[in-house]
Amino acid sequence: MEPVQSLGGGTVAAAGQAFTRESLIEASNVEKSYGATRVLRGVDFQVRSGEIHALLGGNGAGKSTLVRIVTGLTPRDAGEIRFSSAKTNSIHPIIAVVHQELALLPELSVAENIGIVHARSGFSRSSHRRMRDVALNALDLIDPAIGREIVDLPARKLSLHEGQIVEIARALSTGAEVLLLDEPTANLTAGETAKLFSVLKRLVHDEGIGIVFVSHRMKEIRELCHVCTILRDGITVVNATPVALLSDAEIVQQMGQPAHDVAGRLKSKKEVRQGSPVEFLGPDDARMEIWPGTILGLAGAPAGPTGLINPLVGAGRGAGWHVSGEGFKGSFSSPSQAARAGVGFISGDRTMKGILSQLPIVDNVLAARRVREGRQIVGAAERQECLDLVSALKLKAVSIWDLPASLSGGNQQKLIVARWLGLPLRLVVLEEPTRGVDIGTKHDIYALIRHMADAGAIIVWWSTENIELLELCDAIFAFDTDGRPKGFLSEERFTEDGLAELTGMAA
Amino acid sequence: MTDVTNGNAAAKKIRTTTTRAPGLLLSYRTEAAIAAAIVALMLAVGMFVPAALSMGNMQNIIQAAAPLIIMSLGVFLVVLTGGIDLSVGSVFSLTGMVTALAMANGADGVTASIAGLAVGLVFGSLNGFLVTVVRLAPFVVTLITYAVAGSLAFIVTNGRSMPIGAPDFWLLNSGELIPSVPNHLLFCIILMVVLEYVLRKVVLGRWFYAVGSSAVAARLLGIPVLRIKLAAYVISGLLASFAGLLTVSYILNAEATAGSSLMLQAIAAVVIGGASLFGGTGSAIGAVLGALMITCIQNGVNLIGVNSFWQGSVTGAAILLAVLIDRFSNKNRL
């Protein structure tokens, strides 16, 4: 089903569309601030029935905040949201979200997972046959064959794709008219993705529901979506425009940040080579030779970079990657082993894997130093050391004895970066070190990372923001959407288009 | 350091980052509050029964509190790392039985003490091994060792209580290593000071807090998370045994049920002392004060002449009060 665009009013109709396209959700001028940070500064967003709508935007553009507001999880500061339901006098929620992490109850059967939301109260009698009927009806809308097969299985036995089908069925069974899918393909294989897409297309076509699709993968957006809305810095920059009218480059450009002048400035002088190179050897005979002082960017679907990063930092099983070079052998079996070999690691999961939440800022900042240098005693000199790091990073803390929770997200991120500054590291692995950080702070962090590289460390940097990688990295290694190594981005294609093409992802 | 943020907001707050460590009273405010509550409790009891404030009663309280204080310190270390130790009461009882049995069989004081401490070492190591290497849940592991050690305490003497003669070993005779300072008070003070110093001023101590804050983050930093957890359980077992030794040396009699009420009291002491059962918070001083608080409540209930069956209810109320104060005074904690 190819999206066909009509000329009047920007509406898009699919050929043979059986439903009139009425507006299901209309949000206008939505604003939201967290403290002094204005996350949404007047966003317009509209979902119509019978339409698959791509919601795009870089990190921090306000996508997730908008989704939270539209689904009622977060109150808005200003603006208007109108819901209009095709089924009059309905009181059910018309929008349902299918999250990337599935919200199924693993020990309950599929029938119960779907039927449980229909119980009128916690005390109503649970009739298994009724639940099963409700579940089968909902699954039939999607795929009758799958329905019979899985309805009695416990949810933990489902594949990811089947789990998503169940979640969609649950949403549909409540009468939701808008489905919101947040990066639904992130963990799916290519085959499962294709199946999911055919389900979504049929739902839109036959049932006339509206779908909001959040994804970073350009190819999927092209294949699936009729229109797209792009947010940037809390403003709608592209509003419900047919995808066919926009080129990949235009989409990327609309999502990206305007500041391009830093490109090149942060690049290292390539001819300066110190020490001896380290080799990364991976599956499919992938091989990288990296010299100290190099910033190596990793791009592509999460499975690829994590498969390389995990063995580098000793954090778990990798995807067949190992390292060889002076002082590096194979892969590390534990983080402390990696630490002894001079590897630093900034995890992408700041709250769970970065911050030591109950320890004051001073202990958090000094944590890595104390491990590396085998310090025994908490010294008075450490305080000055900590203050120096705090001011070097312009980290806004009232007292270094406060808990990290007193800091904003961006400052917590700086805190984690501060841990590794000035340490004699051979390899620094970074996962999205600028996630949730404003532009000024981003550039502070870029400079610090370049500084670490100039001090002779190899930097391995995974980011989902391609533009960031292009600005800062000396070389970029790409993985495809299934996480398989694709190869280096060539010098002449060192652009957003080139990278999007190589990874199959838009941002 | 001046703070300049983006764009339009002209009114800037100028903030400075301070390095000055908070004063003792501020960094120990939870502990100060418990200490104040203990004093208030004692004074309140003293209004009804003046003898409560006598030197003799103070000595009673210290004597009664010492084993609980020592156990609570061990349990606190485990709780600090995010675990729990339910086995301490049983280890306490079994230690007394083993020590008494050894002496009854002609062992000297030193050998008998070592045999007693070995109980704590064995069960502490077993707890630590099952939690860190086999990766079982701490609650389940220590529930098992609680049951096993508790039944062994009956098995070793077939349920009979064992008197012990006055031993010749300094650890077991409740004498005074330092003149006019009772041994048990001395041990409590030494343990508390050493632990508190290590936890605050030695990097290893900070790792206990780090592990309790986020074991994953700590592991990724290269902190030896498993070894720290193992150490916590071993120390907890040893301290429970040590408390058992002190008690038999004072009562000169070992009973299989001696420690049965102590496990819950030790956990209560740790909670009253400001530690979170999720790990990462609290102090050794807090645990000691929590144990003291519980003993003072029991002492007060006895002195006022209330039926001692009320002790549990009063202790429960104290725990509730302590966690409520903690809940509403620490807005910073998530």
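Quick note: the coordinates plus some simple rules give every number you see, no bench work behind them. This is a predicted model, so every value here is computed, not measured. We place every Cβ from the backbone using ideal geometry, glycine too, and count neighbours over all the protein chains shown.
Listing for the model above:
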| item | result |
| --- | --- |
| Options B:Ala256, B:Ser276, B:Gly116, ranked by Cα towards positive dipole end of chain B, top entry (Cβ charges) | B:Ser276 |
| Long-range tail of P(r) for region A:206-254 (Cα pairs > 19 Å, %) | 22 percent |
| Span per principal axis, largest first, for the Cα atoms of region A:278-503 (Å) | 51, 36, 29 |
| Rounded, prolate or oblate (a/c below 1.5 giving rounded, otherwise prolate when a/b exceeds b/c) for region B:89-219 by Cα gyration tensor | oblate |
| Semi-axis lengths (Å, descending) of the ellipsoid that matches the C-alpha gyration tensor of the protein assembly as shown | 57, 34, 27 |
| Unit charges at the beta carbon, dipole of region B:175-334: most positive-side option, B:Val314, B:Ile223, B:Gly286 | B:Ile223 |
| Cα lying deepest toward the dipole's positive end in the protein assembly as shown, options B:Gly83, A:Ile114, B:Pro50, charges on Cβ | B:Pro50 |
| Cα-based shape type of region B:52-161, given that a ≥ b ≥ c are square roots of the gyration tensor eigenvalues and the cut on a/c is 1.5 | oblate |
| Nearby aspartates and glutamates by direct alpha-carbon distance to A:Lys329 (threshold 19 angstrom, same-chain neighbours under 8 apart not counted) | A:Glu279, A:Asp285, A:Glu289 |
| P(r) histogram, all alpha-carbon pairs of region B:99-152 included - 10 Å bins from 0, percent | 25, 39, 24, 12, 0 |
| Added length on full extension, which subtracts the Cα-Cα distance from 0.36 nm per residue, A:Glu326 to A:Ile116 | 69.8 nm |
| Region A:418-507: C-alpha pair distances exceeding 16 Å, % | 55 percent |
| Calculated from backbone phi, Karplus (6.51, -1.76, 1.60) coupling profile of region A:201-217 in Hz, x at Gly/Pro | 4, 5, 4, 5, 6, 8, 9, x, 7, x, 10, 10, 10, 9, 7, 9, 9 |
| Within region A:397-429, backbone nitrogen closer than 15 Å to the virtual label 7 Å beyond the Cα of B:Leu26 toward Cβ | A:397-403 |
| Overall form of region B:179-334 per C-alpha gyration tensor (a/c, 1.5; a/b vs b/c) | oblate |
| Length released on extending from B:Gln63 to B:Glu176, taking residue separation times 0.36 nm less the Cα-Cα span | 39.4 nm |
| Where only alpha carbons of chain B are counted, the Rg and the Dmax (Å) | 21.8, 85 |
| Relative exposure of A:Phe45, A:Phe83, A:Phe477, judged by other C-beta atoms within 10 Å (fewest first) | A:Phe83, A:Phe45, A:Phe477 |
| Extension gain, A:Asn137 back to A:Leu281 (0.36 nm per residue minus Cα-Cα distance, nm) | 46.8 nm |
| Electrostatic dipole magnitude of the protein assembly as shown [Cβ: Lys, Arg +1; Asp, Glu -1; Cα centre; debye, to 20] | 1520 debye |
| Calculated FRET value between A:Ala145 and A:Arg493, using beta carbons and R₀ = 60 Å, to 0.05 | 0.90 |
| Spherically averaged projected area in nm², based on the convex hull that wraps the Cα atoms of region A:267-381 | 9.5 nm² |
| Ranking of B:Tyr233, B:Tyr250, B:Tyr197 by count of other Cβ atoms within 10 Å, fewest first | B:Tyr197, B:Tyr250, B:Tyr233 |
| Sites B:Ser161 and A:Arg340, calculated FRET efficiency, Cβ-Cβ separation with R0 60 Å, nearest 0.05 | 0.65 |
| Estimated vicinal HN-Hα couplings, Hz - region A:104-116 in sequence order (Karplus 6.51, -1.76, 1.60; Gly, Pro = x) | 9, 8, x, 8, 8, 6, 4, 4, 5, 4, 7, x, 5 |
| Residues A:Val343, A:Val378, B:Val119, sorted so that the one with the fewest Cβ neighbours within 10 Å comes first | A:Val378, A:Val343, B:Val119 |
| Estimated inter-spin distance, B:Ala35 and A:Ser84, nm [label 7 Å along Cα→Cβ] | 7.0 nm |
| Distance between modelled label sites at A:Ser198 and B:Ile144, nm, 7 Å Cα→Cβ extension | 5.0 nm |
| Region A:331-444 - convex hull of the alpha-carbon atoms, volume per residue in Å³ | 109 Å³ |
| Mean residue ellipticity (222 nm) of the protein assembly as shown, computed from DSSP H runs ≥ 4 via -39,500 (n - 2.57), nearest 500 | -14500 deg cm²/dmol |
| Residues B:Leu320 and A:Ala303, FRET efficiency given R0 of 41 Å [Cβ-Cβ distance, rounded to 0.05] | 0.25 |
